[in-house]
Amino acid sequence: MSEYPQANFLSSAHRVDQFVEDAGTEVAFAGRSNSGKSSAINAILNRRNLARTAKNPGRTQLINFFSVRQGQRLVDLPGYGYARVSKELQRHWRQLLDGYFDRRQSLAGLFIVVDSRRSLGDFDWQMLDWAGRIGFPAHVLLTKADKLNRKDGAAALTKARRELRDEASAQLFSATKNLEVDKARRRLEEFLHSQRRRAS
């Protein structure tokens, strides 16, 4: 049984004026188009296909808002990096993300989803920069950890933590094997119940 039985899709936004009401608390998920972001969201909420997954990267082309429970939301941001989309759409995504991070007072935390077999990329660091500038915590999920043996997984986590320093926490994660899903869920709850306010 899901720990979030009330979780449901609220709406999608193609423009800033389509965002849901900026009240309560919300946690955003960002990541490259092939990082396993949608699968991570579904695993953490223990709700099959709440966030849509696809064989072709880049399916998430809007900002999608999900209700977790009353006054608490999860936000699925557009994938970046490998999405095979036009330059015009990429520019639109950038403007949409700028508008989201610059305006949302209810944003309490950010999950950055990174394939554990890859290093953090430029866009991942951009997300971390946004978090640091605005003043909310970030947590890195090193997904698809089941593809690595124990030694390589430990090395990937050590490398990420060394690079991140105090900018974000990090963990290994696998939606397929249910690896450290509970740990990610606890981090989500910490963010959702945070009283932290963004920097002005």
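The values are calculated or read from the model by the stated rules, or taken from the named source; none is laboratory data. Values in this document were obtained by computation on a predicted structure and should not be read as measured data. Heads up, the Cβs are rebuilt from the backbone with ideal geometry, glycines too, and the neighbour counts pull from every protein chain shown.
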Does at least one position in segment 126-146 carry a residue that is surrounded by fewer than 19 Cβ atoms within 10 Å (Cβ to Cβ), modelled with pLDDT of 95 or more, out of contact with any Cys (no Cβ under 7 Å at 6 or more places or on another chain) and over 30 Å from Gln95 (Cα atoms)? yes
Subset of segment 146-191 (residues that are among the aromatic types (Phe, Trp, Tyr) and more than 15 Å from the chain's Cα centre (by Cα)): none
Would you check if Asp122 is surrounded by fewer than 18 Cβ atoms within 10 Å (Cβ to Cβ) and at pLDDT 85 or above? yes
Provide a single number: the residues in segment 113-139 that are touching a Leu at 6+ places or on another chain (Cβ under 7 Å) and within 17 Å of Ser33 (Cβ to Cβ). 5
Subset of segment 119-137 that is among the charged types (D, E, K, R) and touching a residue at least 12 places away in the same chain (Cβ under 8 Å) - its residue that is nearest to Thr158 (Cα to Cα): Asp124
Pairs needed: first member in segment 66-88, over 20 Å from Phe101 (Cα atoms) and in a loop (DSSP other than H, G, I, E, B); second member anywhere, among the aromatic types (Phe, Trp, Tyr) and at pLDDT 75 or above; C-beta distance under 9 Å; at least 6 residues apart or different chains. Ala83/Trp93; Val85/Trp93
Among what's in segment 148-193 and is free of Cβ contacts under 8 Å to residues at least 24 places away in the same chain and polar (S, T, N, Q), pick the residue that is surrounded by the most Cβ atoms within 10 Å (Cβ to Cβ). Thr158
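To keep it simple, each residue is scored yes or no on (1) at pLDDT 80 or above; (2) surrounded by fewer than 14 Cβ atoms within 10 Å (Cβ to Cβ).
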| residue | (1), (2) |
| --- | --- |
| Ala54 | no, yes |
| Leu62 | yes, no |
| Arg73 | yes, no |
| Ala83 | no, no |
| Ser86 | no, yes |
| Gly99 | yes, no |
| Gln105 | yes, yes |
| Leu110 | yes, no |
| Asp115 | yes, no |
Going by what's in this entry, would Ser194 be described as farther than 21 Å from Gly24 by Cα and of a type outside the set (Lys, Arg)? no
